[in-house]
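Engineer: Got a structure for you, written out below as structure tokens; questions coming shortly.
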Amino acid sequence: MMKRILYIAIGLALLGSCVPTSKFTQQVDKSNSLQGERDGLMAENEQLTVENREMRAKFDEVEAQKEQFTQDSIRIHKRVEDLETEIAQLERKYADLQSTHEALLRGNARETRRLLNELQTTQDDLATKQQLLKELEANVAGQRQDVNRLQAELEARNARLMEMEEMLYQKDRILDDLRQKVADALMGFEGQGLTVTRKNGKVYVSMDEKLLFKSGSTVVDPNGVRALKQLSQVLARNPEIDIMIEGHTDDVPFRKGSSIKDNWDLSVLRATSIVRILLDGSGIDPIRLTVAGRGEFLPVDPASTTEARRKNRRTEIILSPDLSEVFKILEL
């Protein structure tokens, strides 16, 4: 709802400042696109976090299954040894019975039948034990295959996670490099109301009103023009960077009778003035730039003091690096 209100307000501000409808539509579309990419990245990052938890849970499950497999293998091997001992005893008994049977063939028929029955029972018991041994060996082989399959799945997930972590590290390095380049280019303006920071996956160049404009004016001061020209050189050398210019005001109502209607109007006009300076002779593709007027509604300090209002009267140039490669990895 707040985004919808913001877009309506931007539309009204742009209409009030005689901005063409087509340009407004392009600006809103681009703002929506950037917001969509930002939301998409946040959603994908959340999905990555969920997949990471699931993978860790799967890893713990595999480890538990491996421990159970080890215990089962020990138990099965013990059972196999017991069966082999029993089979050896049965085989010896069978041999003894055969010898006895052969010795007693000349004896009475009743004893012979008894020995034959006992011999048959022993043979049946031996066959049963041999079948059980085969089943246990097959069970061990099946469990080993399951563990190998789970291990392969886990290794594949680990490889994908490492690839994602590498891409995120590269994104962080790109942001750090960009922040340093901008800071180096604007070094002479430190202490004059200019800061360069990195947050939310972007680089923010924040310029106080005193560096750019006189009170209530939309014309950039010469010192501010020099700072913007130096920044435009960095931006021209980094064509993969998208640029958002946001104008901000304090909460003091604009004086009546002025050609500027209100703080919305002032913030948009100031942002537009900065765009024109960045584009002038820089070779920057205009499609990379988006202008937004925030008015008084996104303060850095909500207090109703002179110092807070001074901080809030600012222009922010937000630099967003190309994250298409990160998105490709997340879509795999």
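Engineer: Mean residue ellipticity at 222 nm from the helices of the chain, using -39,500 (n - 2.57) per DSSP H segment of n ≥ 4 over the full residue count, to the nearest 500 deg cm²/dmol?
Structural biologist: After summing the helix terms and dividing by residue count, I get -24500 deg cm²/dmol.
Engineer: What FRET efficiency comes out for the pair Arg173/Asn200, r = Cβ-Cβ distance, R0 = 22 Å, nearest 0.05?
Structural biologist: The formula returns an efficiency of 0.85 here.
Engineer: On to the next question. Rounded, prolate or oblate: which fits region 133-201, taking a ≥ b ≥ c as square roots of the Cα gyration tensor eigenvalues, rounded meaning a/c under 1.5, else prolate when a/b beats b/c? Walk me through the numbers on the way to the answer.
Structural biologist: Working: a/c = 11.28, a/b = 7.09, b/c = 1.59.
Taking the square roots of the gyration eigenvalues as a ≥ b ≥ c, region 133-201 is prolate.
Engineer: Another question, if that's okay. Rounded, prolate or oblate: which one fits the chain, using the alpha carbon gyration tensor with axes a ≥ b ≥ c (rounded when a/c is under 1.5, else prolate when a/b beats b/c, else oblate)?
Structural biologist: Here the chain falls in the prolate category.
Engineer: When the chain is modelled as a GNM with alpha-carbon springs shorter than 10 Å, which of Leu133, Leu212, Leu289 fluctuates the most?
Structural biologist: The residue with the greatest mean-square fluctuation here is Leu133.
Engineer: Connecting C-alpha atoms closer than 10 Å in a GNM of the chain, tell me which of Gln143, Gln192, Gln120 has the biggest fluctuation.
Structural biologist: Checking each option, the largest mean-square fluctuation is seen for Gln120.
Engineer: Continuing with the same structure: Give, as a single signed number, the net charge of other residues whose beta carbon lies under 14 Å from the beta carbon of Leu97, with Lys and Arg counted +1 and Asp and Glu -1.
Structural biologist: Neighbour charge sum, excluding Leu97 itself: -3.
Engineer: Any idea how far apart Glu137 and Ile76 come out in nm if each label point goes 7 Å out from Cα toward Cβ?
Structural biologist: Simple spin-label model gives 1.2 nm for this pair.
Engineer: Ranked from highest to lowest mean number of other Cβ atoms within 10 Å per residue, what is the order of the peptides 213-220, 180-187?
Structural biologist: 180-187, 213-220
Engineer: Also, quick follow-up: Taking the number of other C-beta atoms within 10 Å as the exposure measure, put Asp250, Asp221 in order starting with the fewest.
Structural biologist: Asp221, Asp250
Engineer: Okay, moving on. Restricting to bridges with both residues inside the chain, how much of the DSSP beta-bridge set is antiparallel, in percent to the nearest 5?
Structural biologist: 75 percent
Engineer: Can you give me the C-alpha center-to-center distance between region 177-245 and region 72-145, rounded to a whole angstrom?
Structural biologist: Measuring centre to centre over Cα atoms gives 89 Å.
Engineer: Label points 7 Å out from Cα along the Cβ direction at Glu51 and Gln65: separation in nm?
Structural biologist: Spacing of the two 7 Å Cα→Cβ label points: 2.0 nm.
Engineer: Still on this structure, please answer the following. Give, as ranges by residue number, the residues of region 200-224 whose backbone N falls under 20 Å from the point 7 Å along Cα→Cβ of Gln230.
Structural biologist: 203-214, 220-224
Engineer: Using only alpha-carbon positions, what ratio does the radius of gyration of region 55-172 give when scaled by 2.2 N^0.38 Å?
Structural biologist: With N residues counted in region 55-172, Rg over 2.2 N^0.38 Å equals 1.98.
Engineer: Which of the residue pairs Lys66/Lys93; Lys66/Lys134; Lys30/Lys311 have a Cα-Cα distance greater than 30 Å in the structure shown?
Structural biologist: With Cα atoms farther than 30 Å apart: Lys66/Lys93.
Engineer: Separate question: Compute, for the chain, the length of the dipole vector about the Cα centre, with Cβ point charges of +1 (Lys, Arg) and -1 (Asp, Glu) only. Units Debye, rounded to 20.
Structural biologist: 1660 debye
Engineer: Using label points projected 7 Å from each Cα along Cα→Cβ, tell me how many nm separate Met42 and Asp124, to one decimal.
Structural biologist: So the two model labels end up 7.5 nm from each other.
Readers should treat all values here as calculations from the given coordinates under stated rules, not as data from a laboratory. All values derive from a computational prediction rather than experimental measurement. Quick reminder, even Gly has a Cβ in these numbers, built from the backbone with ideal geometry, and neighbours come from all protein chains shown.
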